[in-house]
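Visitor: After the structure tokens below, expect a handful of questions from me.
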Amino acid sequence: MPSAMTGRGAGIVTDDTHTYARIQSIDPTAMQNAIKAGKIVIVAGFQGVNKDGFITTLGRGGSDLSAVALAAALKADQCEIYSDVDGIYTTDPRIEPNAKKLDSISYDEMLELSSLGAKVLQSRSVELAKKLNVKLYAKSSFSDNVGTLITEESDNMEEVLVSGVVLDKNQARVTLRGVSDRPGIAAEIFTMLAKENINVDMIIQNRGTDGSTNLGFTVPHSDHENAKTLMATFDHDIEGMDFDEHVCKVSVVGVGMKSHTGVAATAFTVMADENINIQMISTSEIKVSMVIDEVHGKQAIRALHKAYALDK
């Protein structure tokens, strides 16, 4: 069986020969025939067709998505993603030199890491790989080092409490004080943000005792000013607003959280020991995320990495 590979610029399906074939249309049957004939098929990545039939690009990392789609169509054994890093690490080695490369990681963990700021794989490609059960293999274009396998969750994966910690500096915090405590106000606020294609991440609401609530949420840095302008239109429903561009999000990810207790407690204890104030908290079944001051981002990552013994 062939393997589908990408070098960030093209999707390639190959055997062990050195004869190349160019096919005019993306036709799995034609590709299979070429492969059977002993040829290597080269396909331009990063491109697709939208719902209206127009050719478009697939966004940042779109070549990853191209390769996964080809691997699924060709029923390849696995899809190899080549980049400038030789696998998935417990954290960014540029922040923590003791970061370790993982032998394997589950689709869900990789999805969380990708959406939380890790740049190794495009999150949509991982999502498609999970849906179509395509094994992913992250490797380096510049070495023959063993990479990281991204695949279905197995029992032994849950034995590892935490797989990685990640830093996302593309965050801005919005705090709305004294919001009218009436049905529909949250729907109005977030519907307006959605219409402007502003992606809201973490959301926290606290109800006061004076008939009002406090509402906080985070948005990408690039949407900060637009969100500020939109929130100003709710001046009749909001007593005050605060905006902070100098925050970041640190997250702890691991499928082991499903069956182990104390992960969140450890994260909060680490922040306290490092004298880092937590502004917002968000959790899921396999992650704990915290918004903190941007200046403490790298410090928090190093401390969390050590606390969960990810350097062992």
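Visitor: Taking R0 as 45 Å, what FRET efficiency do you get between Arg207 and Ser140 from their Cβ-Cβ distance, rounded to the nearest 0.05? Let's see the in-between values first.
Guide: Details: r = 51 Å, r/R0 = 1.13.
Efficiency, from the Cβ-Cβ distance: 0.35.
Visitor: How big is the C-alpha Rg of region 138-182 next to the rule-of-thumb value 2.2 N^0.38 Å, as a ratio?
Guide: 2.19
Visitor: Neighbour counts of other C-beta atoms within 10 Å: give me Cys79, Cys248 arranged from fewest to most. Please list the in-between numbers first.
Guide: Numbers: Cys79 29, Cys248 21.
Ascending Cβ contact count within 10 Å gives the list Cys248, Cys79.
Visitor: Compute the orientation-averaged projected area for region 155-312 from the convex hull of its Cα atoms and round it to one decimal in nm².
Guide: Numbers: hull surface 43.1 nm².
Average of the hull's projected areas for region 155-312 equals 10.8 nm².
Visitor: DSSP loop (so not H, G, I, E, B), at most 16 other Cβ within 10 Å: list which chymotrypsin sites (Phe, Trp or Tyr not before Pro) in region 32-115 pass both filters. Could you put the intermediate results ahead of the total?
Guide: On the way: sites: Phe46, Phe54, Tyr82, Tyr89, Tyr107; in loops: Phe46, Phe54.
Loop-located and lightly packed - Phe54.
Visitor: May I ask for the equivalent-ellipsoid semi-axes of the chain, computed as the square root of five times each C-alpha gyration tensor eigenvalue and listed largest first in whole Å? Walk me through the numbers on the way to the answer.
Guide: On the way: eigenvalues 324, 132, 46 Å².
Equivalent ellipsoid of the chain: 40, 26, 15 Å, largest first.
Visitor: Give a residue-ordered list of calculated ³J(HN,Hα) values for region 172-181 (Karplus: 6.51 cos²θ - 1.76 cosθ + 1.60, θ = phi - 60°; whole Hz; x for Gly, Pro).
Guide: Result, ordered by residue: 9, 9, 10, 10, 10, 9, x, 6, 3, 8 Hz.
Visitor: Expressed as a whole percent, how much of the Cα-Cα distance distribution for region 239-288 exceeds 11 Å?
Guide: On the way: 906 of 1225 pairs.
Result for the distance tail: 74 percent.
Visitor: Listed here are the pairs Lys119/Lys139; Lys130/Lys306; Lys36/Lys75; Lys130/Lys195; Lys75/Lys135; Lys119/Lys306; which of them are more than 20 Å apart at the Cα? Intermediate results must be reported in sequence, preceding the final value.
Guide: Details: Lys119/Lys139 14 Å; Lys130/Lys306 30 Å; Lys36/Lys75 14 Å; Lys130/Lys195 29 Å; Lys75/Lys135 11 Å; Lys119/Lys306 22 Å.
Over 20 Å Cα-Cα: Lys130/Lys306; Lys130/Lys195; Lys119/Lys306.
Visitor: For region 85-222, place one equal point scatterer on every Cα, skip the solvent, and apply the Debye formula. What is log10 of I(q)/I(0) at q = 0.12, 0.19 Å⁻¹?
Guide: The calculated log intensity ratios at q = 0.12, 0.19 Å⁻¹ are -0.65, -1.07.
Visitor: Using the number of other C-beta atoms within 10 angstrom as an exposure proxy, rank Thr57, Thr218, Thr283 with the fewest first. Write down the numbers at each step before the final one.
Guide: Working: Thr57 10, Thr218 26, Thr283 15.
Taking fewest neighbouring Cβ atoms as first place, the list is Thr57, Thr283, Thr218.
Visitor: Could you please state, rounded to a whole Å, how far the C-alpha centre of region 113-137 is from the C-alpha centre of region 67-105?
Guide: Comparing the Cα centres of region 113-137 and region 67-105, I get a distance of 9 Å.
Visitor: Ok, one more. Hey, in the GNM for the chain with a 10 angstrom Cα cutoff, which one of Thr175, Thr229, Thr269 fluctuates hardest?
Guide: Per the Cα network of the chain with a 10 Å cutoff, Thr229 tops the list.
Visitor: Still on this model: Which value in deg cm²/dmol, rounded to the nearest 500, describes the helix-derived mean residue ellipticity at 222 nm for the chain, given -39,500 (n - 2.57) per DSSP H run of n ≥ 4 and division by the residue count?
Guide: -8000 deg cm²/dmol
Visitor: From the backbone phi of region 124-133, what are the Karplus-calculated ³J(HN,Hα) couplings (6.51 cos²θ - 1.76 cosθ + 1.60, θ = phi - 60°) in whole Hz, Gly and Pro given as x?
Guide: So the J values, rounded to whole Hz, are 5, 5, 5, 4, 5, 4, 5, 4, 9, 6.
Visitor: Percentage of Cα-Cα pair distances in region 129-209 greater than 19 Å, rounded to whole percent?
Guide: Values: 2169 of 3240 pairs.
Considering region 129-209, 67 percent of its Cα-Cα pairs are separated by more than 19 Å.
Readers should treat all values here as calculations from the given coordinates under stated rules, not as data from a laboratory. These numbers come from a predicted model, not from an experiment. Here the Cβ is made from the backbone with ideal geometry for all residues, glycine too, and neighbour counts use every protein chain on show.
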